[in-house]
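Q: Okay, here's the structure, questions in a sec.
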Amino acid sequence: MNLILLGAPGAGKGTQAEVICEKLKIPSISTGNIIREALKNGTELGLKAKSYMDSGALVPDEVVIAIIKERLAQEDCKNGFILDGFPRTVPQAEALDAMGIVIHKVLDIEVPDETIQKRLSGRRVCESCGASYHLDFKPSAKEGVCDKCAGKLVIRKDDQPETVRERLKTYHESTEPLCDYYKKTGKLVVINGQEEVAATSALVLKALEA
């Protein structure tokens, strides 16, 4: 089964991608990882992407899609794959279709913005060992101090309220229109993200069986 995972930053896509990978035994493919792999392996497309990145420019859609197509042709994708973080825009989805890549289902994990803001802005990370905490859901025993190494807990730049608001704005403007795009094809399945991760996972697995 060939899948696309949609959802705003903080909706828990990464965790659900892992659940699907485990269930269906298919790889989860993120654009960033593919480009890094292509760069490491020195492929022709990887070197092409590097030329843009070295000049500080965004890698054009056609190069990213060609790298993705190259990755999807590998043996581990023959029984299916999950695209996580791509496509990000309708033109990217159209280009994916034009390349003959068939998508069977698009799972959209929907979580209200205010819930995402609470989730992300409450997250704290140990600057020494990288352990993760949350002010409401997984607090450390002593405020601001890591339980594991007594390191200082900090808020990442990505989790700061103003950054979260900006990331959500970008998602709604650029990526959310994909929901309408795939709804028209009959491939979109909307999953309401639950407070408990396991409850969301149960809905995701049920959607795959439908």
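The values are calculated or read from the model by the stated rules, or taken from the named source; none is laboratory data. All of these numbers come straight from a predicted model, not from anything done at the bench. Note that each Cβ is placed from the backbone with ideal geometry, even for glycine, and that neighbours are counted across all protein chains shown. Heads up: the accessible areas ignore ligands, DNA and RNA and are worked out on the full protein's heavy atoms, side chains in. Shrake-Rupley method; radii C 1.70, N 1.55, O 1.52, S 1.80 Å.
Q: Without any contact (Cβ under 8 Å) to a residue 24 or more places away in the chain and either part of a loop (DSSP other than H, G, I, E, B) or in contact with a helix residue (DSSP H, G or I) (Cβ under 7 Å, 6 or more places away or on another chain) (or both): does that describe Q194? Please lay out each step first, then the result.
A: Details: without any contact (Cβ under 8 Å) to a residue 24 or more places away in the chain: yes; either part of a loop (DSSP other than H, G, I, E, B) or in contact with a helix residue (DSSP H, G or I) (Cβ under 7 Å, 6 or more places away or on another chain) (or both): yes.
Considered against the rule, which asks whether it is without any contact (Cβ under 8 Å) to a residue 24 or more places away in the chain and either part of a loop (DSSP other than H, G, I, E, B) or in contact with a helix residue (DSSP H, G or I) (Cβ under 7 Å, 6 or more places away or on another chain) (or both), Q194 comes out as yes.
Q: Looking at the structure I just gave you, is T89 open to solvent by 30 Å² or more (accessible area, probe 1.4 Å) and over 21 Å from T15 (Cα atoms)?
A: On the way: open to solvent by 30 Å² or more (accessible area, probe 1.4 Å): yes; over 21 Å from T15 (Cα atoms): yes.
Yes, satisfied.
Residue-wise test of (1) under 18 Å from I101 (Cβ atoms); (2) small (G, A, S).
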site	(1), (2)
K40	no, no
S51	no, yes
P60	yes, no
D76	yes, no
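Q: Anything in segment 34-82 that is open to solvent by less than 10 Å² (accessible area, probe 1.4 Å), more than 16 Å from Q92 (Cβ to Cβ) and without any contact (Cβ under 8 Å) to a residue 24 or more places away in the chain? List them, or say none.
A: G46
Q: If only one of I191, I155 is surrounded by 14 or more Cβ atoms within 10 Å (Cβ to Cβ) and at pLDDT below 95, which one is it?
A: Numbers: I191 fails: at pLDDT below 95.
Exactly one residue qualifies, and that residue is I155.
Q: Which number in (1) among the polar types (S, T, N, Q); (2) farther than 20 Å from F86 by Cα; (3) at pLDDT 90 or above marks the one condition that Q160 misses?
A: With (1) among the polar types (S, T, N, Q); (2) farther than 20 Å from F86 by Cα; (3) at pLDDT 90 or above applied to Q160, the lone miss is (3).
Q: Which of the residues spanning segment 1-30 are under 9 Å from the mean Cα position of the chain (by Cα), crowded, with 17+ Cβ neighbours inside 10 Å and either in a helix (DSSP H, G or I) or among the charged types (D, E, K, R) (or both)?
A: Correct list: K13, A17.
Q: Looking at I65, I82, I34, which one is under 26 Å from Y171 (Cα atoms), under 16 Å from the mean Cα position of the chain (by Cα) and either assigned to a helix (DSSP H, G or I) or not β-branched (V, I, T) (or both)? Show your work before the answer.
A: Values: I65 fails: under 16 Å from the mean Cα position of the chain (by Cα); I82 fails: either assigned to a helix (DSSP H, G or I) or not β-branched (V, I, T) (or both).
I34 is the lone residue from the list that is under 26 Å from Y171 (Cα atoms), under 16 Å from the mean Cα position of the chain (by Cα) and either assigned to a helix (DSSP H, G or I) or not β-branched (V, I, T) (or both).
Q: Further question on the same structure: Residues in segment 102-130 that are among the hydrophobic types (A, V, I, L, M, F, W, C), more than 22 Å from V204 (Cβ to Cβ) and surrounded by fewer than 17 Cβ atoms within 10 Å (Cβ to Cβ): how many?
A: As a first pass, look at segment 102-130 and keep what is among the hydrophobic types (A, V, I, L, M, F, W, C): 102-103, 106-107, 109, 111, 116, 120, 125-126, 129.
Still in the running and more than 22 Å from V204 (Cβ to Cβ): 125-126, 129.
Subset that is surrounded by fewer than 17 Cβ atoms within 10 Å (Cβ to Cβ): 129.
Of the residues in that region, 1 qualify.
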